[in-house]
1. Can you list, bin by bin at 5 Å, the percent of alpha carbon pairs in segment 280-336, starting at 0?
2. Starting from the Kirkwood Rh over alpha-carbon pairs, what translational D in µm² s⁻¹ does segment 196-244 have by Stokes-Einstein at 37 °C and 0.692 mPa s?
3. For segment 156-296, with the dipole built from +1 on Lys and Arg beta-carbon atoms and -1 on Asp and Glu ones, taken about the Cα centre, which of Ala185, Leu241, Ser293 lies farthest toward the positive end?
4. Can you list, bin by bin at 10 Å, the percent of alpha carbon pairs in segment 427-473, starting at 0?
5. Under a 5 Å amide H to amide H cut-off, with H placed in plane at 1.01 Å, what residues pair with Val24 once short-range neighbours are removed?
6. I'd like to check one number: the per residue accessible area of segment 302-379, probe 1.4 Å, reported in Å² as a whole number.
7. Suppose all protein chains stay in the model; what accessible area per residue would a 1.4 Å probe give for segment 150-278, in Å²?
8. Quick one: compute the contact order of the chain, relative version, from alpha carbon pairs under 8 angstrom and 6+ residues apart, as a percent.
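The values are calculated or read from the model by the stated rules, or taken from the named source; none is laboratory data. None of the values given here were measured: they were computed from a predicted structure. Backbone-built Cβ (ideal geometry, glycine too); neighbour counts: all protein chains shown. These accessible areas exclude ligands, DNA and RNA; they are computed on the full protein's heavy atoms, side chains included. Shrake-Rupley method; radii C 1.70, N 1.55, O 1.52, S 1.80 Å.
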Amino acid sequence: WTGQPGRSTLTGLAVVLDADSCDVAWFDDAELGDAGLRSVLESTPFRAHDAKSLMRSLLTLGVDMKGLILDTAIAAYLIDPSQSQYSMRDLLERHTDLRFADDSTARGELDLDGTAMEDAQEAGRVAIGVSRVADPLARSLEAQGMASLYAEIENPLVRILARMEHIGIAVDRDALRSIAERLTAETKELAARLQELAGSTFNPNSPTQLGRVLFEERGLTPPKKTKTGYSTDAATLEKLLDEWPEFIGPLMRYREVDKLRGTYGEGLLAEVADDGRIHASFNQTVARTGRLSSDQPNLHNIPVRTDEGRIFRTAFVPAPGCTLLVADYNQIELRCIAHLADDPGLIAAFREGRDVHNATAARVFGVDVGAVTHEQRSRAKMVSYGLAYGMEAYGLGQRLGIPTGEASAILDAGLAADIFKKALIGVDHALENQKLRSRIVLQVHDEIIVEVPEAEVEVAGPLCLGIMETATELNVPLAVNSAWGRTWAEAKG
């Protein structure tokens, strides 16, 4: 297959028949729909590079490849997560004494007519590359003690993410369009107000024009000039707020609303496919902590701290006849820290079911637990995590005999990412094994969103929660928050 990860165009599939002689078969996209070949692809064990994109592309043809035994990109990531990319060219250079021929030389040697033949040539080279790096990578996984992590978590996750991308999540276009229109109207009103306050016409999105208004016309205290002119970034505006609050305040609001409008209002609308769903990509090899990431579009970054940001969740809906189950882990990072550091105070609080942040806030601010405000709890939460990551990193380092910095890195990754991945795998396998029509449509951080037919609510709900709560054994219980809703926002609360 050929194309860019996540947004690949399936022009065909290259299969290595004999690695020693570099004998490669090419099946174009028309052939891949053949019933006989489909049966082989679905049942045959295989190794591939960036297998998720291949599997997602084949799902559009009704081919569900279940036999993945090694994804060379993910194996390379586990071995060295510090690398910025994991192309086949890079893998060959790092793990073998082989190299790809120069692209221009390779094309010149074959000089095949047509783009399809060039695609076949490139796919064939990558396929041969897989056959060369697979064994060295497998040996490295074994040597570094990560073979079981790959086999039990990362490998099964590939097919789950491919299917999640293929399924996508439904979107109410009218609701999303209404949100975008409201944000557009507010940006226009704010822009007009800013120009009225400035007494001149200027583009609020232009740092040069804005710098002229602030520092030349108004005479505010200028920051140091950069090579391109005055800085007008968020930090600069914060410092200038007291000098001209009636202008800087609306300007900061304008930037917030305009970003929401462009990135999530118009941006999400542009990503809605013909089937009325958004098919984002989910990545296993981007975050060094092992966390999954999202792009095209990045659904992990939909704002949740402001009312304007949370409103976008109202546009994410289930298919007709279904409802959304949103289940997410409660304070999983802090629970993992309590387990790793064997902290008696945190362990006792979690075992007794007390709200750790509420209890901290009550002690810090000298109020009753029932009188703790949302702001006080938020501040206590920062204190709890700050102390936990700082002090427990020191304690963990002492116990393991390693530097505090190294212990801190362990805590940052800790157990949370793997626990969530195990839960994601467990939920997906359970739904499939019980032949339910319920399906995972999205994951965001520690949150799993499942689209559930109304007839399966009583079965799917307890099933998913039970799996998440028993994904692993810690010194503290795993707690899961869950809710149902006709939109993501309604279920999230």
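1. In order of increasing distance, the bins hold 4, 13, 14, 23, 25, 15, 5, 1 percent.
2. Details: Rh = 11.1 Å.
Rounded to a whole number, D works out at 297 µm²/s.
3. Checked the options; the winner is Ser293.
4. 26, 60, 14, 0
5. Residues meeting the amide H criterion: Leu17.
6. Details: 3760 Å² over 78 residues.
Roughly 48 Å² per residue, with all protein chains present.
7. Working: 6540 Å² over 129 residues.
Per residue, segment 150-278 has 51 Å² of solvent-accessible surface.
8. Details: 685 pairs, mean separation 70.8, N = 493.
Relative CO of the chain lands at 14 percent.
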